[in-house]
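Worksheet for the structure shown next.
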Amino acid sequence: SYRVYMDLIDRLNALFSSISSGLPIESRAVDAITSRLMQAVRENPGSFIGFILGGEVYGSELAKSSINTAILSTLMAQDMKVPNHKVLQITTGALLHDVGMLKLPREILDSKDQLSEAESQRMKAHPLYTYKFICRELLLPEEVGLVALQHHERWDGEGYPRRLSGESIELGARIISV
């Protein structure tokens with residue numbers, strides 16, 4: 001299971017590197033990672049929770065975070081008895097939810113100081129970049145894009161980018177934000 005976990009991180013990291021480099025990405029690459037993750041989590045959920053809690057993996061932070069988010073989102077959606085096709089959409093959205101961060105300048109991402117208002121606004125635009133990438137470049141279903149677009153919305157309406165609240169936020173986005 002640990003080899004599978006590390007392979008998923010490596011595969012997603014390679015995909016993110018290709019995206020950063022402006023190389024074309026096919027949705028099949030994302031589908032393959034999603035399928036492998038869902039199968040592995042279904043077969044041995046406890047091990048994957050342990051890997052997340054162990055926190056022993058260093059480097060590839062965005063890929064690791066995205067894999068961990070996808071694992072937890074998959075487990076929550078399955079536990080909530082969400083239909084399988086929706087679990088697939090949620091898992092895919094969780095894998096890609098922060099891909100828009102790859103469009104931001106390194107100085108914003110790596111800043112140890114408080115961001116300026118302009119930098120903060122750019123950071124808050126990453127869900128929009130992600131949505132466009134998912135729907136326009138990968139041509140994945142809009143449901144996957146909406147899950148990623150809304151992952152920073154909050155139940156009380158204080159999130160972004162659209163200040164949605166309550167049940168107007170997609171269930172998958174609510175799961176990912178947890």
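The values are calculated or read from the model by the stated rules, or taken from the named source; none is laboratory data. The shown structure was predicted, so the numbers you read here are calculated from the model rather than taken from an experiment. In this analysis, Cβ positions are derived from the backbone assuming ideal geometry, glycine residues included, and neighbour counts consider all displayed protein chains. Calculation scope for accessible area: heavy atoms of the full protein, side chains included, ligands and nucleic acids excluded. Shrake-Rupley method; radii C 1.70, N 1.55, O 1.52, S 1.80 Å.
The residue pairs whose first member lies in the range 29-46 and is part of a helix (DSSP H, G or I), whose second member is of a type in the set (Gly, Ala, Ser), and whose beta carbons are closer than 7 Å, counting only pairs six or more residues apart or on different chains, are 37/70; 40/1. Restricting the range 98-115 to residues that are among the basic types (Lys, Arg) and in a helix (DSSP H, G or I) leaves a set whose member that is least open to solvent (accessible area, probe 1.4 Å) is 103. Yes or no: residue 71 surrounded by 14 or more Cβ atoms within 10 Å (Cβ to Cβ), of a type in the set (A, V, I, L, M, F, W, C), closer than 21 Å to residue 149 by Cα and within 15 Å of the chain's Cα centre (by Cα)? Considered against the rule, which asks whether it is surrounded by 14 or more Cβ atoms within 10 Å (Cβ to Cβ), of a type in the set (A, V, I, L, M, F, W, C), closer than 21 Å to residue 149 by Cα and within 15 Å of the chain's Cα centre (by Cα), residue 71 comes out as yes. Kindly indicate whether residue 118 is in a helix (DSSP H, G or I) and buried (at least 16 other Cβ atoms within 10 Å of the Cβ). So residue 118 fails the test. If you take the residues in the range 11-25 that are aliphatic (A, V, I, L, M) and in a helix (DSSP H, G or I), which one is surrounded by the most Cβ atoms within 10 Å (Cβ to Cβ)? Looking at residues that are aliphatic (A, V, I, L, M) and in a helix (DSSP H, G or I), I get 12. Taking the listed residues 95, 139, the one that is within 20 Å of residue 18 (Cα to Cα), part of a loop (DSSP other than H, G, I, E, B), out of contact with any Cys (no Cβ under 6 Å at 6 or more places or on another chain) and not small (Gly, Ala, Ser) is 139, with no other qualifying.
I'd like to check something: does the range 58-71 contain any residue that is closer than 12 Å to residue 1 by Cα and touching a helix residue (DSSP H, G or I) at 6+ places or on another chain (Cβ under 8 Å)?
Step one: of the range 58-71, the residues closer than 12 Å to residue 1 by Cα are none.
No; the residues of the range 58-71 include none that is closer than 12 Å to residue 1 by Cα and touching a helix residue (DSSP H, G or I) at 6+ places or on another chain (Cβ under 8 Å).
Of the residues 140, 171, which single one is under 17 Å from the mean Cα position of the chain (by Cα), under 28 Å from residue 31 (Cα atoms) and open to solvent by less than 40 Å² (accessible area, probe 1.4 Å)? Exactly one of 140, 171 is under 17 Å from the mean Cα position of the chain (by Cα), under 28 Å from residue 31 (Cα atoms) and open to solvent by less than 40 Å² (accessible area, probe 1.4 Å), namely 140. Inspect the range 143-150 for any residue being without any contact (Cβ under 8 Å) to a residue 60 or more places away in the chain and open to solvent by 80 Å² or more (accessible area, probe 1.4 Å) and give the result as yes or no. No, every residue in the range 143-150 fails to be without any contact (Cβ under 8 Å) to a residue 60 or more places away in the chain and open to solvent by 80 Å² or more (accessible area, probe 1.4 Å).
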